[in-house]
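The values are calculated or read from the model by the stated rules, or taken from the named source; none is laboratory data. Keep in mind it's a predicted model, so treat the numbers as computed, not measured. Reconstructed Cβ throughout: ideal geometry from the backbone, glycine too, with neighbour counts over all protein chains shown.
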Amino acid sequence: MKNFLKYAGGFTLAEVLITLGIIGVVAAMTMPVIMNETRNKQHVVAFKKLYSNFSNAINLFKADEGCDGLDVASCIEGLGYGDNNCNAFAEVAQKMKYVRMAPDGASASGWVPDTSSNYYGDKVSNGYGMVNKTGTGCFYALADGMVLNVDVDPDAFKVVVDTNGKKGPNRMGKDVHAFTVGCGDMDANLVSLCKDTQKDVFPFISGTFPGDITKGLCTLESYLQGGCSDANMYPNEGDGASPSMYILTMDKLPDYREIASKVSGFKP
């Protein structure tokens, strides 16, 4: 009975310390995983919200311009604006409730990321096509913190969006995504294929962007020719990865660690 009472009274200090130590080790191992999964989920939710709002803004834009039943490329062309004229996108930006506008990255340096990365994780800072202060194009900041860089063609909008602005990681496929709105400056056969889809918003980057920006990505041109897989996250398979479509299809981010373990030069 004495021995029973001795152990029934509670744990010794050593036992408590050992237990707390084990709990601490487990927490240290699992917390980074949990935090990473939480951040990834936030990126997914932000992108899906953006995709919905952007598509709605384009539909409202078409309705206001009397373009119902027409492809958006014809609608944009009918505005009569020249190349890279920010006014051509102004009405769409208003429907997305933008709070700031700047014609280039330098004048938006206070609210755009300093640098950004392509899908491989390489830093990109050469001209138009990315959301950072070295980029060129029409920059818009939305009320919810998202930042857009828009390259305006006379018959298309090429849009790159950072869903959380200056916050990291500022990487393509995570918080940075590309859209092509309208059929752009592709050759006649591709323009015909584009219009045949009867779609206005394509979550694919334009193949006219510099190679270090499109690196590892399936482009709109490839998509129109059947070269893109919605479920492909690997940049070295097929015509490249489709991370934005992957998110819409799989409801999760591509697994960057898995990709890095199989693809040389890809950063996790």
Pairs, first touching a residue at least 24 places away in the same chain (Cβ under 8 Å) and among the β-branched types (Val, Ile, Thr) in segment 240-259, second assigned to a helix (DSSP H, G or I) and surrounded by 14 or more Cβ atoms within 10 Å (Cβ to Cβ), C-beta under 6 Å, six or more apart: Ile247/Val44; Ile247/Phe47
Take the residues of segment 91-119 that are surrounded by fewer than 21 Cβ atoms within 10 Å (Cβ to Cβ) and among the hydroxyl-bearing types (Ser, Thr, Tyr): which is nearest to the chain's Cα centre (by Cα)? Thr115
Determine, yes or no, whether Thr134 is assigned to a strand (DSSP E or B) and of a type in the set (Ser, Thr, Tyr). no
Any residue that is closer than 21 Å to Leu248 by Cα and either modelled with pLDDT under 85 or small (Gly, Ala, Ser) (or both) - is there at least one of those in segment 149-166? yes
From the set of residues in segment 45-90 that are aromatic (Phe, Trp, Tyr), within 23 Å of Val191 (Cβ to Cβ) and in a helix (DSSP H, G or I), which is farthest from the chain's Cα centre (by Cα)? Phe61
Selection within segment 91-121 - touching a residue at least 60 places away in the same chain (Cβ under 8 Å) and either in contact with a Phe, Trp or Tyr (Cβ under 8 Å, 6 or more places away or on another chain) or not in a strand (DSSP E or B) (or both): Val92, Asn118, Tyr119, Tyr120, Gly121
